[in-house]
Amino acid sequence: MAAVFFLVLLSLSVGAGIYGFSDAFGYLTGSPLLALDAQLTMVMETLRIPRTLCAVIVGVSLALAASLLQSATRNPLAEPGLLGVNAGAVLGLVIGLTYFDVESTQGYLVWSGLGALTGNTVVLIIGHLVGKSHPLKLILVGVALSATFGGLSNYVLLSNQVVLDQFRFWNLGSLAAADIDAMLMILPFLVVAVILTFALTRQLTLMQLGEQQAKSLGINTNVVRIGVLIASTLFTACAISVAGPISFVGFLSAYCARMVEPVALSLQVVFSALFGVIFLFIADILARWLIQPFEMPNGVILALIGAPVLIAVVHRGGFRTLLAVK
């Protein structure tokens, strides 16, 4: 929590404009002199504060989606970006942009949600079939899904140059277009997904014992998987509708949370959400700082961080350790 608080202040102090930490802190504490600075007010209210809030929403969404998918598939490498769920959401949105002239946040949410629902459904079915003893098989399936959905997206985009130009930067994943109204619109869906997540933690914990054991304890595993499907789809759609497809946040967050709390899923999801916010803040601050006055997409920075970590985990067999703990 201390790290999150520090990164919030840092996020509000870095970015467009000449204003630094003292200006941002003075503005937040209601300094009369700074309150009269119209340019500072514009920078804070239209750029930095929306971007900071967006980092919280997207970080929590991607982290909790990964935690749910990992628990439901019993695969500690699962996360929306690696399993093709993000690619499915992108395909859904591309179809909406190209054939239905989607322009509003509501449209982004609906069409990315339909695509994420398709990806999540495939992932949960295949995860149930391959089981926990083959953690890398599901990742290979995710690679195949991503390639398939990505190829279909590119095919659709080639038919519309205007949509292609609109889509190009968004597809890299960025918080640059954060908008307060868009976040307020998706907030109810995010709250529903969070409530559903905590409602499912006990059942998902028991399901780690195995399918038959969970059923003997009175757990309806099919209902639980449907709950996971709904919650993870809402999380993914909310994140992608405001920030585009960002990978590796969920994997890094859930992995670190499991290191802190390897047993209690109810605590794991809390730590996962905190780590998700921390990682996204770090990526967003670096995105604004590294190549000033320009900025890098957040998805690029997280890929540069997350890919080597994933390779290291697989190389060291870290997923076996996690499975053994569970």
Looking for whichever is under 23 Å from Pro245 (Cα atoms) and small (Gly, Ala, Ser) here; the options are Gly20, Gly107, Gly30, Gly26. Which one fits? Gly107
If a residue must be under 23 Å from the mean Cα position of the chain (by Cα), of a type in the set (Val, Ile, Thr) and open to solvent by less than 10 Å² (accessible area, probe 1.4 Å), how many such residues does segment 203-250 contain? 6
Looking for whichever is β-branched (Val, Ile, Thr), in a helix (DSSP H, G or I) and crowded, with 21+ Cβ neighbours inside 10 Å here; the options are Val122, Val110, Val94. Which one fits? Val94
Contact list please: Cβ distance under 6 Å, first residue in segment 135-163 and closer than 20 Å to Phe251 by Cα, second residue outside any helix (DSSP H, G or I) and at pLDDT 80 or above, pairs at least six apart or on different chains. Gly142/Gly84; Leu145/Gly84; Ser146/Gly84
So Glu45 fits all but one of (1) without any contact (Cβ under 8 Å) to a residue 12 or more places away in the chain; (2) in contact with a helix residue (DSSP H, G or I) (Cβ under 8 Å, 6 or more places away or on another chain); what number is the exception? (2)
Filtered residues of segment 17-45 (kept if aliphatic (A, V, I, L, M), open to solvent by less than 60 Å² (accessible area, probe 1.4 Å) and closer than 19 Å to Glu295 by Cα): Val43, Met44
Residue identified as closer than 25 Å to Leu187 by Cβ and not polar (S, T, N, Q) among Gly150, Gly84, Gly88: Gly88
Result of the Cβ filter at 6 Å on segment 196-220, keeping first residues that are among the polar types (S, T, N, Q) and partners that are open to solvent by less than 90 Å² (accessible area, probe 1.4 Å) and not in a helix (DSSP H, G or I), at least 6 apart or interchain, is Gln203/Ile219; Gln208/Lys326
Matching residues in segment 6-35 - criterion: being free of Cβ contacts under 8 Å to residues at least 12 places away in the same chain and not in a helix (DSSP H, G or I): Ile18, Gly20, Thr29, Gly30, Ser31
Condition broken by Ser61, with the remaining ones in (1) more than 19 Å from Ala239 (Cβ to Cβ); (2) crowded, with 17+ Cβ neighbours inside 10 Å satisfied: (1)
Of the conditions (1) open to solvent by 40 Å² or more (accessible area, probe 1.4 Å); (2) closer than 18 Å to Gly84 by Cα; (3) assigned to a loop (DSSP other than H, G, I, E, B), Ala144 clears all except one; give me its number. (3)
Just to be sure before I move on: is Leu175 more than 19 Å from Leu124 (Cα to Cα), open to solvent by less than 60 Å² (accessible area, probe 1.4 Å) and outside any helix (DSSP H, G or I) in the structure I sent? yes
Would you pick out the residues in segment 259-273 that are assigned to a helix (DSSP H, G or I) and open to solvent by 10 Å² or more (accessible area, probe 1.4 Å)? Met259, Val260, Leu265, Ser266, Leu267, Gln268, Val270, Phe271, Ala273
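The values are calculated or read from the model by the stated rules, or taken from the named source; none is laboratory data. Computed from a predicted model, the values in this text were never measured in an experiment. No Cβ is skipped: glycine too gets one built from the backbone with ideal geometry, and neighbour counts run over all protein chains shown. These area figures cover heavy atoms from the full protein model, side chains too; ligands, DNA and RNA do not enter into them. Shrake-Rupley method; radii C 1.70, N 1.55, O 1.52, S 1.80 Å.
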